[in-house]
Amino acid sequence: MPRPIPPVADPAPLGAQSLTRAPLAPEPLLRRHKCFIPGDTRFRAAARLRQSLWREEQGLPAGLHRPGGNRNLPHLPLGSTLQPADAARGLNFLSPSVNAFVRRSLVLREEGAMVHYERLHRNLLSSEPLTYNLFVPLALNLDLATSTLRQLLPAFVHQVTGIRFETSPGRHNARYLADGTAFDAALSIITPDGEPATVFIEVKYSEGCTGPAATHRSRYDEASRQAALHHDPDSSALRSTMLEQFWRLHLLAQLAVRHSVTPRAHLLVLYPQLNRRVRSATQLYAAELIDPAASSPTTVGFSALTLETFIAALAQAGGGPEAACLHYRYLDLQPVLDLVLAEPTTPDRDPSPAGAPLALLPPPSSAASTAEAVVTPAVPSPNDKANPSRRQRQRPTASATAPSSGATARQPVRRLKGKAAVPAPRTSARSPALHRQTQEVR
């Protein structure tokens, strides 16, 4: 199993993040650690390097992948994956007890549950194993789960009575969304009023909320109007690649209440503080909601909290060792920053950093145009949760930058070696995606 992490004297500060943004990781550094993927965003590149460093610390060899998933290309090492033998030993999980729980959970999983074995066991960057690493310790200790969730949702959670994984109230059922939409986890709880309820969980790690979107169904439109959760149930922003998954999950949770699967519900999204794309997407989605706090018991509320906040609450509740391991592996980007700063400086020929810049986002009322600014990547990253067999998401290779209001956008200049500077092609933040594939949802 993974080597023990040095003890943390005071686990409470684990939720604090000293960095304000992910370090820019240069291509040569990423290549040395076998984790350069052209389509990675800035945060994803740093997170991939962090996972590669964690694997190296465990003394584990890098796994293999085919670039872009192309079967005609030979396998190459990828630092953010494990070898099959190490994956079979459960080394992608926090502890042997988590690995044992995952094995049992997979054997007893719901009919139709879409679980990608390779991604779950081999991919260090995927949010699938992260979900189990976050919530299995709580499933094994419901008192710890109760103490943690009370801090996160004090007005909704009094006691946690059970936790399910990769769950849906009705896959491919016409009474719901008639597709495979499912939650990463669902916590059965008792509210402060003594009423049974459910907290539905969606976990993000390195995803960029850039699609491709699920194949649109007329049932989504019907459910959106019936649910009455949004200012405009027919809004194009809700159907954008940036927001559509949150829209579907929220509709599914509302339908679970409507069909008496649970008397009350709340949708909670967890994401890293430095993943600015997910943070922006959740803020834009919340702005589309009439009542995100769910003042009515029949309305499903919506919250988005950072993983740093979750881990700090876990430490405060008594899960210090688990919190320390989770923070060290997934959120501590200081080792990445140290490596980047140790790189030799080359002011006359700086390599382009991995990851496209985040598009400047307009106010929430302009959510639709914001979502359109995201460009579908030409080369998807392999094996991550964005794999089409689960969520059908891809990462962007570039994002357009919108000029500030009233200002004239300055055309970027491209310099060619030995030639005069020439203007680079002009791009628009409102350009539609170059190519969006639509596939079956998970």
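Using a/c under 1.5 as the rounded threshold, could you call region 11-140 rounded, prolate or oblate? The axes a ≥ b ≥ c are square roots of the C-alpha gyration tensor eigenvalues, and prolate needs a/b larger than b/c, oblate otherwise. It is oblate, given that a/c is not under 1.5 and a/b is not larger than b/c.
For the pair I190 and N173, the difference between a 0.36 nm per residue extended length and the Cα-Cα distance amounts to 3.4 nm. At the residue level, H75 shows approximately 90 square angstrom of accessible surface with a 1.4 angstrom probe and all protein chains present. Amide H to amide H, with H built 1.01 Å from N, T191 comes under 5 Å of H158, A197, counting only residues 5 or more places away or on other chains.
The length gained on full extension between Y117 and L305, counted as 0.36 nm times the residue separation minus their Cα-Cα distance, comes to 64.9 nm. Simple spin-label estimate for E56 and T161 gives 4.9 nm between the two label positions (7 Å along the Cα-to-Cβ direction from each Cα). Amide H to amide H distances under 5 Å link G63 with L78, T81, L82, Q83, where only residues 5 or more positions off or on other chains count and H is placed in the peptide plane. Between R225 and L19, the FRET efficiency estimated from the beta carbon spacing at R0 = 45 angstrom works out to 0.60. Estimated at 0.36 nm per residue, the fully extended path between A293 and L76 surpasses their Cα-Cα distance by 73.4 nm. Estimated at the nearest 10 Å², the accessible area of M242 is 10 Å² with a 1.4 Å probe.
First measure r as the distance between the Cβ atoms of D338 and L64, then evaluate 1/(1 + (r/R0)^6) with R0 = 30 Å and state the FRET efficiency to the nearest 0.05. Display every interim value, and only then the final one.
Values: r = 28 Å, r/R0 = 0.92.
Working from the Cβ atoms, E equals 0.60.
Relative to one another, the C-alpha centroids of region 215-231 and region 275-316 are positioned 20 Å apart.
Couplings 3J(HN,Hα) for region 113-118, derived from phi with the Karplus relation 6.51 cos²θ - 1.76 cosθ + 1.60 (θ = phi - 60°), are 5, 9, 10, 9, 4, 4 Hz, where x marks Gly and Pro.
The values are calculated or read from the model by the stated rules, or taken from the named source; none is laboratory data. Worth saying up front: this structure is predicted, and the values here are computed from it rather than measured. Methodologically, a virtual Cβ is constructed for each residue, glycine included, from the backbone with ideal geometry; neighbour enumeration extends over all protein chains shown. To get the accessible areas, we keep the full protein, side chains included, count just its heavy atoms, and leave off ligands, DNA and RNA. Shrake-Rupley method; radii C 1.70, N 1.55, O 1.52, S 1.80 Å.
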